[in-house]
Amino acid sequence: MQEENTVTIPKGPEVSRELFGGVLDFDAAGHYPGLELLNFVYCGEFEDPLPSGDSIKITRRSHDFGRRLVWDGSFKNDARRREVLLDDTSAEETLRELLRCLQLEIPSGTKEPKWSRAHFFPYTPSLIHWDARERYSTIGLERLYLRGGGTLAFKILRSDRNAARLERIREGFKELYVATLKSPLEILAGFLNDQSKSDEKPVMDGIEKATRANIDSFEDVFRDGILNILEQTGATSVSQIRAVMGWTGLWLVLMQNRRSRNFLGLEDAPIICDCGGNNPQLRRVSQRCLQEVLGNILAAVDKTAPNPKLPKAQRNKIRSFFWATAAANGFLNAWRGRKHFTLSVDALEMVVLATIPTGTEMPFERYVTDVLYDRLGIAVGRGAAEASGLVNSIDASIFEGNEEHLALQMIAAGLVTQYSDATRMVSPRTDS
């Protein structure tokens, strides 16, 4: 009897790992990679935030009590509610509104989310939690939105071959939440955690085990950025946490673009950023740049799995990770409609925290060329346009105006200090 030939259809996570080292999936878009990273750092089996070894175990926490209290109308029938809240209506409503204010932003959200879609921003360590959803009246801890981007970031950090930097990042994570450990919010979050479903013992994460690090030197840009953020003595812990999450998302999309081009054998080309000068030519060029990036990601996916090709829905998920994560972290102008690259004030603050070491400053003109272009591959000013050859098709004065608009935004945000007409210095904004 002749055996039938079987064809193995590739899966999106496998293709993504082959291309990028880890799973980049649309469901992990927005701020979720940063939240996933913090779960691995602070919910691990041991006290070391960046442990060595082949297998990593974490204790996943659902925070389902607090999340359902806010975003699940049927929670009024939960027995835990009566035991914990003692039927005090006013206290319950106050607690609900407090917790609602802790919600992690959902850029794509237009209506009240389901409780499993809503996550708390990790202002304190006990607010860090995993994905969860309810099935047949049982809370299950499983990946819904934390799909692997943060896992890749974690693997890159803990696989650092620079022992001194690795140890400094470890210490930075240990110190990040010290000021909040005895805060009322942490005490409340810890109590709500105790009422919620969590792993009874640490579980191994298979996706982390299959994730690859030390693929190229661009990973050091991420590690240096995390180190700079964690060592910013003039920033509050909330600013640092926001920056860790934003930097993780931004670096992942920059890496996705670079590795797609490299896999296709294309030369390096910058991402063209329109900083709000309303120049129609620059706007169109930035829009075309985005389409080229997305096209390259799809081409790299197809080249990785040429026969049979990855199903269309899975191809689009890998591509959509780029634009959705970029939009959520201020690297695109909008979530919907015609999109182009830009840098929001929040994105600029995060990038400065990640690229300027604490207590130092850099001339603005150097920052635009040496940091944004040379280090990150983002073209804003004339220096980047000349170095990349963009001036062959676009007038250099357009980039000069673009650079001036960026300077004005950064001055208004407190990220650039103008000492004279010729001297403008970039430094992190202090919160004190």
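If I take every Cα pair under 8 Å that is 6 or more residues apart in the stretch 127-185, average their sequence separation and divide by the length, what percent do I get for the relative contact order? So the answer I get is 17 percent. Counting only lysines at least 8 places from LYS76 when in the same chain, those with an alpha carbon closer than 20 Å to its own are LYS114, LYS197. Quick check for me: using +1 on Lys/Arg Cβ and -1 on Asp/Glu Cβ, what's the dipole size of the chain about its Cα centre, in debye to the nearest 20? Dipole size: approximately 1140 debye. Each part reduced to its alpha carbon centroid, the stretch 149-165 and the stretch 63-131 end up 32 Å apart. Accessible area per residue for the stretch 74-231, computed on protein heavy atoms with a 1.4 Å probe, is 50 Å². Cα-based radius of gyration for the chain, normalised by 2.2 N^0.38 Å, reads 1.02. All other residues whose Cβ lies under 14 angstrom from that of ILE356 are scored, Lys and Arg at +1 and Asp and Glu at -1, for a net of -1. Restricting the stretch 204-287 to GluC sites (Glu not before Pro) that sit in a DSSP loop and have at most 14 other Cβ atoms within 10 Å of their own Cβ leaves GLU267. Per-atom-type breakdown for the chain gives carbon and sulfur 49% of the accessible area (1.4 Å probe, protein chains only). All Cα-Cα separations within the stretch 268-375 were binned at 5 Å from zero, giving a P(r) of 2, 11, 17, 20, 18, 14, 9, 6, 3, 1, 0, each value a whole percent of the pairs. Here the contact order of the chain, divided by its residue count and restricted to Cα pairs under 8 Å and six or more residues apart, works out to 21 percent. Give a quick list of trypsin sites (Lys or Arg not before Pro) in the stretch 326-360 that DSSP marks as loop, anything other than H, G, I, E or B, with at most 10 other Cβ atoms within 10 Å. Here the sparse-neighbourhood loop sites are ARG336, ARG338.
Gyration tensor analysis over the Cα atoms of the stretch 336-407 returns equivalent ellipsoid semi-axes of 21, 16, 10 Å (largest first, whole Å).
What pairs from LYS111/LYS312; LYS155/LYS317; LYS11/LYS339 go past 24 Å between their alpha carbons? Pairs exceeding 24 Å: LYS111/LYS312; LYS11/LYS339. Cross-link partners for LYS201 among the lysines, with Cα-Cα distance under 16 Å and sequence neighbours closer than 8 places in the same chain left out: LYS57.
For the stretch 41-86, GluC sites (Glu not before Pro) meeting the loop criterion (DSSP other than H, G, I, E, B) and having at most 11 other Cβ atoms within 10 Å: GLU47. Candidates LEU250, GLN409, LEU50 compared by Cα position along the dipole of the chain: farthest toward the positive end lies LEU250, with charges placed on Cβ.
List every DSSP H helix in the chain whose Cα atoms extend 30 Å or more along the helix's own long axis and whose mean Kyte-Doolittle hydropathy is at least -1.0. TM-like helix candidates: 237-264, 280-304. Mean sequence separation of contacting Cα pairs (under 8 Å, at least six apart), scaled by the length of the stretch 133-286, corresponds to a relative contact order of 26 percent.
Each Lys and Arg adds +1 at its Cβ and each Asp and Glu adds -1 at its Cβ; summed about the Cα centre, the stretch 266-371 shows a dipole of about 880 debye.
Residues of the stretch 346-387 with the amide nitrogen closer than 14 Å to a label point 7 Å from the Cα of ALA396, along Cα-to-Cβ, please. Inside the label zone: 381-387. Based on the convex hull around the alpha carbon atoms, the stretch 49-94 presents an average projected area of 5.2 nm². Among 296-303, 37-44, 158-165, the peptide with the highest mean count of other Cβ atoms within 10 Å heads the list, and the full ranking is 37-44, 296-303, 158-165.
The values are calculated or read from the model by the stated rules, or taken from the named source; none is laboratory data. This is a predicted model, so every value here is computed, not measured. Cβ atoms come from the backbone with ideal geometry, glycine included; neighbour counts cover every protein chain shown. Just the protein is used for accessible areas: all its heavy atoms, side chains included, with ligands, DNA and RNA removed. Shrake-Rupley method; radii C 1.70, N 1.55, O 1.52, S 1.80 Å.
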